[in-house]
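Everything below concerns the one structure shown next.
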Amino acid sequence: MHLPLSWIAAGVLACAALVAGAYVAGAQTGGSGGRPSDIDPGSRNRLPVVNRDRLDDRGRSLYDKNADDVRTGRSLAGFQGPNGIVLYSPQVADSDLRKNDYLRFESHLGRRAYEVAVLVTAREMNHQFEWAAHEPAAAKAGVPLRVIEAIKHRQPVAGLDRRDAVLIELGREIFAHRAARSETFAEALALFGPQDLVDAVSTMGHYAGIAVLLNAFDQQLAPGQTPLLPMP
């Protein structure tokens, strides 16, 4: 069997990403050891929690929305995570939060498939913080434990519900090979339809972007929080 050169090259890049991910993920384990000296204790990342009084009207409105979402449980991380970081740029925050709210709460895709898409992204990005936030959320949304474990441990998807399985396969291919096989795409399209498939892949892209943001600002887990994601 001869693999396309693009897939081989992507495999080399993926291996390099795993090594880099292992380095970054070590910082995300946070709670049990000492933290880097540039980590703010309030935000648990490299920027302090933004000062509301220094924001413009849009920023203050978004700050208040984040605070409300923390109180109601709608936000998983509050100001200690991506929503807190992006408040330093209110226009970015506005765009990101609107997209996240649509994908998570309003999309026809549904919460179960949304959380599967998030988990496969967190696993393929080796992102401890995202996984720690979304494993419990996935279970609450009805994602079966065997699906969560298959994603977490990169197990075969045989025997899983095909909607779950094809999202896992699609995410693995996209992140490992920077492409999706025609067969995988065709099955995903047949099972989800165009709009839901766009929303599922957009969820993966959105959380890949969040992972990059969290890595740059070195977001840490809460003190004493147990890392849930095994690292390579």
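Observations, loosely collected:
- Unit charges on C-beta of K, R, D, E only; dipole of region 35-83, Debye: 120
- Lys/Arg +1, Asp/Glu -1 at C-beta; region 56-123 dipole; positive extreme among 117, 63, 83: 117
- Neighbourhood charge, 13 Å Cβ-Cβ cut-off, centred on residue 219 and excluding it, Lys, Arg +1 and Asp, Glu -1: -1
- 14 Å beta-carbon shell around residue 102, net charge (K/R +1, D/E -1): -1
- Label-zone membership for region 191-230, site residue 152, 7 angstrom Cα→C-beta point, backbone N under 11 Å: 227-230
- Protection proxy ranking, peptides 195-203, 223-231, average beta carbon neighbours within 10 Å, highest first: 195-203, 223-231
- Rounded to the nearest Hz, the phi-derived 3J(HN,Hα) couplings of region 60-72 under the Karplus curve 6.51 cos²θ - 1.76 cosθ + 1.60 (θ = phi - 60°) are 5, 4, 5, 4, 5, 5, 4, 4, 5, 5, 5, 5, 8, where x marks glycine and proline.
- If you plug the beta carbon distance of residue 88 and residue 137 into 1/(1 + (r/R0)^6) with R0 = 25 Å, you get a FRET efficiency near 0.50.
- Under Karplus coefficients 6.51, -1.76 and 1.60, residue-wise ³J(HN,Hα) of region 93-104 in Hz, glycine/proline x: 4, 4, 5, 5, 5, 4, 5, 5, 5, 5, 5, 7
- Student exercise, the chain dipole from Lys, Arg, Asp, Glu Cβ charges, in Debye to nearest 20: 280
- Dipole magnitude of region 48-135, debye to nearest 20 (Cβ charges: Lys/Arg +1, Asp/Glu -1, about Cα centre): 100
- Local electrostatic count at residue 39 - Lys and Arg +1, Asp and Glu -1, tallied over other residues with Cβ under 10 Å: 0
- Computed per residue of the chain from DSSP H runs no shorter than four, each worth -39500 (n - 2.57), the mean residue ellipticity at 222 nm is -20500 deg cm²/dmol.
- The modelled label-to-label distance between residue 198 and residue 145, using points 7 Å beyond Cα along the C-beta direction, is 3.9 nm.
- FRET E, pair residue 189, residue 67, Förster distance 25 Å, beta-carbon r, rounded to 0.05: 0.05
- Residues residue 101 and residue 54, FRET efficiency given R0 of 22 Å [Cβ-Cβ distance, rounded to 0.05]: 0.35
- Extreme residue, positive dipole direction of the chain, given options 103, 48, 228 (C-beta unit charges): 228
We did not get these values from a lab; they are worked out from the coordinates using the rules stated. Since this is a predicted model, take the numbers as computed values, not measurements. Because the Cβ atoms are built from the backbone with ideal geometry, glycine has one as well, and the counts that use them run over all protein chains shown.
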